[in-house]
Amino acid sequence: MKWPAGFMWGTGASSSQSEGAAPASNIIENERAGLMPASGTGIDFGTRYAEDFALYRSLGLTHHRLSIEWARIEPAEGEHDPQALGHYRDILQAALDTGITPWVTLHHFTLPKWFADKGGFSVEANRTYWLRHAEFMAEAFGDLVGGWKPVNETNYYGMISGSPAMGSGYDRPTQIVVDQQINLATCEAAMILRQTGKPVASIYGLAGLFAADDKPESAALCQQYIKENFDAGLGLHRDGVFVDKNDTVIERPDLKGCFDLIGFSFYGSFGFRDGAIVWRYPEDKPQSPLGYAIWADGLDDVLNRLHAMNLGVPLLVAEYGIGTDDDAQRAEYLTRGLEITHAAMERGIDIAGFIHWTGVDNYEWAHGYDVKFGIIDRDRNPKPSAQVLAAEALS
């Protein structure tokens, strides 16, 4: 396959999953309570980052997304840790020195405990702290960052923060408030980060969505899910309007056009049958350890749906991967995803890059180190699947 010049090839990771949970984070308490396995020092990215960057570059990968953990930067309210600031600047500089463009995420599911204790994103007034943090990050790292991805899976955060293993067990009304606040927070931060002159991409968690029978109620539920999980957050970028799951309309024309790229993660597809959601679709496909159907073709549905929304900026496959011990299965899944992406571009869909989740096998939250997403193992040995990506990136 022939790819355009400047196409972005890379990997993605988060701080908690590669460096271990920060001592001042909310997530460390869940580990101590036995709700999640201990993350320790993660995959030791905090000490092996230069080695990892060199390995990625040898595979033809020139972009890497990492998160800079808020709980490490500001472990107590208003108190910034100079050692952590210097450490992350060293990481970013090492990436640049290796020919890797670093993209920085400000929030990947975890929060400083002090912010979580104030109610986190369930309290509207708390966005003041978040925006102050975004401004600080722009000033502290804007000279080294190649691009920004403010919040990981913005549209998914309201649900994941209610998980006992990940957050405080929010009820549905509170989840709706969190959904409002995190979408606004993402776009407000994007506007701040764009002032650094570096591009800003979204990361929405998107799935292929299909009516799996001919019943009107299944089609209606599918459309409702699209409205709530595609249209809502993207409406802030395209129209400056957010409509939440209660159909509350929030008009923010100042946030229109907040992203330079619409990035998304893709891990699977959902079906709707007999008026209910089927979380693993198609059901006749192999199941991953996380419960997804291993079926890359749903990626095509996401790309087509986003293209049809006329969002006005390029798309970015910001996370694509599969958790499995079977690397041959990963290689096949990756090959198919690349074929789908390339075919979409040939149809005229503007796609700026393909980011694999992840480079080195990482910590996968409640699953610990048992679910492997990497094209490289924790001993830094590239797997055969790494060559699938390298063959395209180096072509």
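The values are calculated or read from the model by the stated rules, or taken from the named source; none is laboratory data. None of these values were measured; they are calculated from a predicted model. Neighbour counts run over all protein chains shown; Cβ positions are idealised from the backbone, glycine included. Remember, those area values only see protein heavy atoms, side chains included, never the ligands or the DNA or RNA. Shrake-Rupley method; radii C 1.70, N 1.55, O 1.52, S 1.80 Å.
General remarks:
Yes/no matrix, rows are residues, columns are (1) touching a helix residue (DSSP H, G or I) at 6+ places or on another chain (Cβ under 7 Å); (2) at pLDDT below 95; (3) closer than 27 Å to Ala296 by Cα:
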| position | (1), (2), (3) |
| --- | --- |
| Glu135 | yes, no, no |
| Tyr170 | yes, yes, no |
| Asp179 | yes, yes, no |
| Asn229 | yes, yes, yes |
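- The C-beta contact set for the stretch 209-226 (first residue in contact (Cβ under 8 Å) with a residue 12 or more places away in the chain, second residue open to solvent by 60 Å² or more (accessible area, probe 1.4 Å) and not in a helix (DSSP H, G or I), distance under 6 angstrom, 6+ apart or interchain) comprises Ala212/Arg273; Asp213/Arg273; Ser218/Arg273.
- Residue in the stretch 158-167 that is buried (at least 22 other Cβ atoms within 10 Å of the Cβ), modelled with pLDDT of 95 or more and not basic (Lys, Arg) present: no
- Ala76 surrounded by fewer than 15 Cβ atoms within 10 Å (Cβ to Cβ) and modelled with pLDDT of 95 or more: yes
- Taken over the stretch 324-334, the criterion of being among the aliphatic types (A, V, I, L, M) and crowded, with 16+ Cβ neighbours inside 10 Å is satisfied by Ala331, Leu334.
- Checking each residue in the stretch 243-275 for being over 27 Å from Cys187 (Cα atoms), open to solvent by less than 50 Å² (accessible area, probe 1.4 Å) and either assigned to a strand (DSSP E or B) or free of Cβ contacts under 8 Å to residues at least 60 places away in the same chain (or both) picks out Gly271, Phe272.
- Residue within the stretch 328-350 that is more than 23 Å from Gln17 (Cβ to Cβ), without any contact (Cβ under 8 Å) to a residue 60 or more places away in the chain and in contact with a Pro (Cβ under 6 Å, 6 or more places away or on another chain) present: yes
- Residue list for the stretch 114-142, filter: in contact with a Ser or Thr (Cβ under 6 Å, 6 or more places away or on another chain) and part of a loop (DSSP other than H, G, I, E, B): Gly142
- Each residue in the stretch 255-284 was checked for being under 28 Å from Asp350 (Cβ atoms), out of contact with any Asp or Glu (no Cβ under 9 Å at 6 or more places or on another chain) and not β-branched (Val, Ile, Thr), and 7 pass.
- In the stretch 352-381, of all residues being touching a strand residue (DSSP E or B) at 6+ places or on another chain (Cβ under 8 Å), part of a loop (DSSP other than H, G, I, E, B) and not basic (Lys, Arg), the one that is most open to solvent (accessible area, probe 1.4 Å) corresponds to Asp377.
- Checking Val145 against (1) in a helix (DSSP H, G or I); (2) open to solvent by less than 20 Å² (accessible area, probe 1.4 Å); (3) at pLDDT 95 or above; (4) of a type in the set (A, V, I, L, M), the condition it does not meet: (1)
- Among (1) open to solvent by less than 50 Å² (accessible area, probe 1.4 Å); (2) within 30 Å of Gly10 (Cβ to Cβ); (3) assigned to a strand (DSSP E or B), the one test that Trp279 misses: (1)
- Residue within the stretch 335-345 that is surrounded by fewer than 19 Cβ atoms within 10 Å (Cβ to Cβ) and either among the polar types (S, T, N, Q) or closer than 30 Å to Gly40 by Cα (or both) present: yes
- Among the residues of the stretch 309-323, just one is in a loop (DSSP other than H, G, I, E, B), among the hydrophobic types (A, V, I, L, M, F, W, C) and closer than 22 Å to Arg336 by Cβ, namely Ile322.
- Condition met for Glu69 (exposed (fewer than 14 other Cβ atoms within 10 Å of the Cβ) and within 19 Å of Ile27 (Cα to Cα)): no
- Of all residues in the stretch 187-205, those satisfying the criterion of being in contact with a Leu (Cβ under 8 Å, 6 or more places away or on another chain) and either not in a helix (DSSP H, G or I) or not aliphatic (A, V, I, L, M) (or both) are Cys187, Glu188, Pro199, Val200, Ala201, Ser202, Tyr204.
- Among the residues making up the stretch 20-62, those that are open to solvent by less than 20 Å² (accessible area, probe 1.4 Å) and touching a strand residue (DSSP E or B) at 6+ places or on another chain (Cβ under 9 Å) are Ala22, Ser25, Ile43, Phe45, Asp52, Phe53, Tyr56, Leu59, Gly60, Leu61.
- For the stretch 107-127, a residue qualifies if it is of a type in the set (Ser, Thr, Tyr) and open to solvent by 30 Å² or more (accessible area, probe 1.4 Å), and exactly one does: Ser122.
- Among all residues of the stretch 203-218, there is at least one that is among the aromatic types (Phe, Trp, Tyr), open to solvent by 10 Å² or more (accessible area, probe 1.4 Å) and more than 23 Å from Leu96 (Cα to Cα).
- The condition of being part of a strand (DSSP E or B) and either of a type in the set (Phe, Trp, Tyr) or modelled with pLDDT of 95 or more (or both) does not hold for Ala296.
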